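Below is one structure, written out as structure tokens, with a few remarks after it.
The values are calculated or read from the model by the stated rules, or taken from the named source; none is laboratory data. These figures come from a predicted structure and were not determined experimentally. As a convention, Cβ positions derive from the backbone with ideal geometry for all residues, glycine included, and neighbour counts pool all protein chains shown. Please note that ligands, DNA and RNA were not included when accessible areas were found on the heavy atoms of the full protein model with its side chains. Shrake-Rupley method; radii C 1.70, N 1.55, O 1.52, S 1.80 Å.
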Amino acid sequence: MAQEVCCLKAQLKEKEKEIAALKKKLAQLEKSHPTVLELHDKVTPLTPLTSNPALSNEDIMRYSRQLLLPDLGVRGQLNLSKTSVLIVGCGGLGCPLAQYLAAAGIGRLGLLDYDEVELSNLHRQVLHGEENQGQAKALSAANAVKRLNSTVECIPYHLQLSSDNAVQLIQQYDIVADCSDNVPTRYLVNDACVLSGKPLVSASALRMEGQLTVYNYRGGPCYRCLYPLPPPPETVTNCSDGGVLGVVPGIMGCFQALEVLKIASGHGSSCGQQLVMFDAQDARFRSIKLRPKQPGCAVCGENPSVTQLVDYEAFCGSAATDKCLKLNLLSKDQRITVQDYKSIMDDAGPHLLLDVRPLVEVDICHLPSSLNIPLSSLQERKSEHLQLLQERISELKQQMAGDCRPPVYVICKQGNDSQKAVQVLDKMSGSEVDNIAVKDISGGLMAWAKRIDPTFPQY
Amino acid sequence: MAAPIAVHLEFGGGAELLFNGVKEHHVTLPSQSEPWDMKQLLVWIQRNLLKERPELFVQGDSVRPGILVLINDADWELMNQNACACLTAAGLDCSVGLKPAH
């Protein structure tokens, strides 16, 4: 009998060990492969958010430091867990926003982005890692958020928000955060929020500045009240052209998280009729009192003309992405390909290569023989630059026999500014400078890097 | 006659690029028979400060769509027709910020 008990006890101990080992293995496996999230490529109806009537012991421990705040408290925390937030754009603003909302215990996060992770995103889009390159941003962000707080329900949407799906999607959420990077999407999100009656926490960041406003909130103005007409497309700068210091959208995304949490917890936002401007250069925040809701507003006014979503790309005259458009300003005989230029270079024919990018970009990379005169200097006819240009043309003329026009090839990053420069130089040729034969190198240095010299840096 | 007034102008959010990248300008508006108003100030800015491509700054007799005009940290629209009063009364402290939204 005693022997049998002993034997059973030993067996039990062995099994317990086995169970512990299995549990450990499972935990490790789950850690390296978190719950597989389903990536949505279209808008589907969501089940209502289930809410807990009380906080669990684990909740109390996890959120203890914010539960201690009288501003939040248990009631505020429970309100957060009942709130769903749609984040439009999982980039420089959306990443820190999603991170802080998840950490604070928001109930449900919709994470929307049509784009994939690229190396040039990582300096500011801090939820994505090197191993996520090529992955859908929505999925990469959702996985990162899940690692941080597995109790938050995440729904990644890998799709372009459009007039066809925006209202259907936005209706399913309590609060919307605009973290997009282009004007048509800003109007689209605004109109869909007005039509669905949702508050819109909107921020932007460019170069060293950021802005934040809460639209369509407690009777305040909407985006269209402030900006009834879109800006001319040529006046809009995006991050891939203008540059941005990563921490600036980081600060603005955190600011958005703060306002979302205040609205979700029941505390309320004070940015409903206010524009907060952040100047990173002199570390200054300014609050601007805005106009109230406009009775004549096309979407939230008394007699709205926009009662359903429209074609926002047509309305704004630009595409709903921040990718650069390819201009086509010149005739075919005014352009050469990078391959053509490679053979001109190899033949060592006398010519001038003019790089019209700003100096800050020339410092990043340039072709060795190029002369740098920024497009803006040509447009403004800066005398020291015109003189330099004339000197180089004269030198070229001396090298060339006869009286033919010296060839000038113009290059920039992607081949848009170089076309504008060709137009300017064509006007100057024969009057402000000697007669020249100007051509644009189609596709610019990025085409050179792709097709001719793979060691040339891309940015 | 309205006396000359000192105005502190600020351009931001990319609008400064139309003014050689200079964000802050301290200017003195000359005396004129009428009190200065915002529309006249925009014309003055266009004639005296704007370097190039006025279409990126003005359209008709106002700023182009996408630019917000702010007076003393408030939206110009809040002032309505009283903008001229603001310009003369505020004198030295009057700052006008012009910010495009993106």
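Determine if segment A:341-362 includes at least one residue that is in contact (Cβ under 8 Å) with a residue 12 or more places away in the chain, over 26 Å from A:TYR459 (Cβ atoms), among the charged types (D, E, K, R) and open to solvent by 70 Å² or more (accessible area, probe 1.4 Å).
no
(1) touching a residue at least 24 places away in the same chain (Cβ under 8 Å); (2) among the hydroxyl-bearing types (Ser, Thr, Tyr); (3) outside any helix (DSSP H, G or I): which one isn't true of A:THR455, the others all being true?
Of the numbered conditions (1) touching a residue at least 24 places away in the same chain (Cβ under 8 Å); (2) among the hydroxyl-bearing types (Ser, Thr, Tyr); (3) outside any helix (DSSP H, G or I), the odd one out for A:THR455 is (1).
Return yes when A:LEU329 is part of a loop (DSSP other than H, G, I, E, B) and surrounded by 11 or more Cβ atoms within 10 Å (Cβ to Cβ) and no when it is not. Walk me through it before giving the result.
Numbers: part of a loop (DSSP other than H, G, I, E, B): yes; surrounded by 11 or more Cβ atoms within 10 Å (Cβ to Cβ): yes.
Judged against the criteria, A:LEU329 is a match.
Counting only residues that are within 14 Å of chain B (Cβ to nearest Cβ) and farther than 30 Å from B:VAL22 by Cβ, how many does segment A:283-300 have?
First, the residues of segment A:283-300 that are within 14 Å of chain B (Cβ to nearest Cβ): A:284-298.
From the residues that got through so far, the ones that are farther than 30 Å from B:VAL22 by Cβ too are A:292-298.
Number satisfying all stated conditions: 7.
Out of all the residues in segment A:291-312, is one or more in contact with a strand residue (DSSP E or B) (Cβ under 8 Å, 6 or more places away or on another chain) and surrounded by fewer than 15 Cβ atoms within 10 Å (Cβ to Cβ)?
Within segment A:291-312, the first condition is being in contact with a strand residue (DSSP E or B) (Cβ under 8 Å, 6 or more places away or on another chain), and the residues that meet it are A:291.
Filter once more, keeping what is surrounded by fewer than 15 Cβ atoms within 10 Å (Cβ to Cβ): none.
No: segment A:291-312 contains no residue that is in contact with a strand residue (DSSP E or B) (Cβ under 8 Å, 6 or more places away or on another chain) and surrounded by fewer than 15 Cβ atoms within 10 Å (Cβ to Cβ).
Return the only residue of A:LEU26, A:LEU97, A:LEU49, A:LEU67 being over 26 Å from A:ALA136 (Cα atoms), surrounded by 15 or more Cβ atoms within 10 Å (Cβ to Cβ) and among the aliphatic types (A, V, I, L, M). Please lay out each step first, then the result.
Numbers: A:LEU26 fails: surrounded by 15 or more Cβ atoms within 10 Å (Cβ to Cβ); A:LEU97 fails: over 26 Å from A:ALA136 (Cα atoms); A:LEU49 fails: over 26 Å from A:ALA136 (Cα atoms).
When all the criteria are applied, what remains is A:LEU67.
Just for segment A:198-241: of the residues that are assigned to a loop (DSSP other than H, G, I, E, B), at the interface with chain B (Cβ under 7 Å from one of its Cβ atoms) and not β-branched (Val, Ile, Thr), which one is most open to solvent (accessible area, probe 1.4 Å)?
This residue is A:LEU229.
Would you mind stating whether A:ALA192 is more than 17 Å from B:GLY13 (Cβ to Cβ) and assigned to a strand (DSSP E or B)? Even if it seems obvious, please write down each step before you answer.
Numbers: more than 17 Å from B:GLY13 (Cβ to Cβ): yes; assigned to a strand (DSSP E or B): no.
Considered against the rule, which asks whether it is more than 17 Å from B:GLY13 (Cβ to Cβ) and assigned to a strand (DSSP E or B), A:ALA192 comes out as no.
Go through segment A:159-171 and count every residue that is outside any helix (DSSP H, G or I) and surrounded by fewer than 20 Cβ atoms within 10 Å (Cβ to Cβ). Reasoning before the result, please.
Step one: filter segment A:159-171 for residues outside any helix (DSSP H, G or I), giving A:159-165, A:171.
Filter again for surrounded by fewer than 20 Cβ atoms within 10 Å (Cβ to Cβ), leaving A:159-160, A:162-165, A:171.
So the count comes out to 7.
Would you pick out the residues in segment A:409-446 that are open to solvent by 10 Å² or more (accessible area, probe 1.4 Å) and either assigned to a helix (DSSP H, G or I) or without any contact (Cβ under 8 Å) to a residue 40 or more places away in the chain (or both)?
Within segment A:409-446, A:ASP417, A:LYS420, A:GLN423, A:VAL424, A:ASP426, A:LYS427, A:SER429, A:GLY430, A:SER431, A:ASN435, A:ALA437, A:MET446 meet the criteria.
Name the residue that is most open to solvent (accessible area, probe 1.4 Å), counting only residues in segment A:71-83 that are assigned to a loop (DSSP other than H, G, I, E, B) and at pLDDT 95 or above.
If we filter segment A:71-83 for residues that are assigned to a loop (DSSP other than H, G, I, E, B), which is where we start, we get A:71-72, A:82-83.
If we keep only those that are at pLDDT 95 or above too, we end up with A:72, A:82-83.
Working: A:LEU72: 33, A:LYS82: 100, A:THR83: 13 Å².
Once the filter is applied, the top-ranked residue is A:LYS82.
Step by step: first the residues of segment A:242-267, then only those that are within 20 Å of B:GLY14 (Cβ to Cβ) and in contact with a Phe, Trp or Tyr (Cβ under 7 Å, 6 or more places away or on another chain), then the one that is farthest from the other protein chains (Cβ to nearest Cβ). Which residue is that?
Top of the filtered list is A:ILE251.
If A:ALA280 meets every condition in (1) within 14 Å of another protein chain (Cβ to nearest Cβ); (2) closer than 22 Å to A:TYR223 by Cβ apart from one, which number is that one?
Evaluating A:ALA280 over (1) within 14 Å of another protein chain (Cβ to nearest Cβ); (2) closer than 22 Å to A:TYR223 by Cβ leaves (2) as the failure.
Please determine, by comparing only the residues of segment A:173-187 that are touching a residue at least 60 places away in the same chain (Cβ under 8 Å) and more than 16 Å from A:ALA138 (Cβ to Cβ), which one is farthest from the other protein chains (Cβ to nearest Cβ).
Applying the first criterion (touching a residue at least 60 places away in the same chain (Cβ under 8 Å)) to segment A:173-187 yields A:173-185, A:187.
Filter once more, keeping what is more than 16 Å from A:ALA138 (Cβ to Cβ): A:174-175, A:182-184, A:187.
On the way: A:ASP174: 25, A:ILE175: 21, A:ASN182: 9, A:VAL183: 8, A:PRO184: 13, A:TYR187: 12 Å.
Within segment A:173-187, the match that is farthest from the other protein chains (Cβ to nearest Cβ) is A:ASP174.
Inside segment A:275-290, can you point out the residues that are open to solvent by 50 Å² or more (accessible area, probe 1.4 Å) and either modelled with pLDDT of 95 or more or more than 23 Å from A:ARG224 (Cβ to Cβ) (or both)?
Step one: of segment A:275-290, the residues open to solvent by 50 Å² or more (accessible area, probe 1.4 Å) are A:281-285, A:287, A:289.
Within segment A:275-290, A:GLN281, A:ASP282, A:ALA283, A:ARG284, A:PHE285 qualify.
Which of (1) within 25 Å of A:CYS179 (Cα to Cα); (2) among the hydroxyl-bearing types (Ser, Thr, Tyr); (3) free of Cβ contacts under 8 Å to residues at least 40 places away in the same chain is the odd one out, the single condition A:THR321 does not satisfy?
(3)
Being touching a residue at least 12 places away in the same chain (Cβ under 8 Å) and either of a type in the set (Phe, Trp, Tyr) or more than 25 Å from A:ALA314 (Cα to Cα) (or both), is that true of even one residue in segment A:226-241? Steps first, answer last, please.
Looking only at segment A:226-241, we keep the residues that are touching a residue at least 12 places away in the same chain (Cβ under 8 Å), and these are A:226, A:228, A:230-233, A:236-241.
Checking which are either of a type in the set (Phe, Trp, Tyr) or more than 25 Å from A:ALA314 (Cα to Cα) (or both) leaves us with none.
No; the residues of segment A:226-241 include none that is touching a residue at least 12 places away in the same chain (Cβ under 8 Å) and either of a type in the set (Phe, Trp, Tyr) or more than 25 Å from A:ALA314 (Cα to Cα) (or both).
If only one of A:LEU359, A:LEU375, A:LEU367, A:LEU371 is outside the structural domain of A:LEU195 (by the TED database) and touching a strand residue (DSSP E or B) at 6+ places or on another chain (Cβ under 6 Å), which one is it?
Numbers: A:LEU359 fails: touching a strand residue (DSSP E or B) at 6+ places or on another chain (Cβ under 6 Å); A:LEU375 fails: touching a strand residue (DSSP E or B) at 6+ places or on another chain (Cβ under 6 Å); A:LEU367 fails: touching a strand residue (DSSP E or B) at 6+ places or on another chain (Cβ under 6 Å).
Answer to the check: A:LEU371.
Looking only at segment A:242-280, which residues are farther than 18 Å from A:ARG186 by Cα and in a loop (DSSP other than H, G, I, E, B)?
A:GLY243, A:LEU245, A:GLY246, A:GLY266, A:HIS267, A:GLY268, A:SER269, A:SER270, A:ALA280 - these are the residues of segment A:242-280 that are farther than 18 Å from A:ARG186 by Cα and in a loop (DSSP other than H, G, I, E, B).
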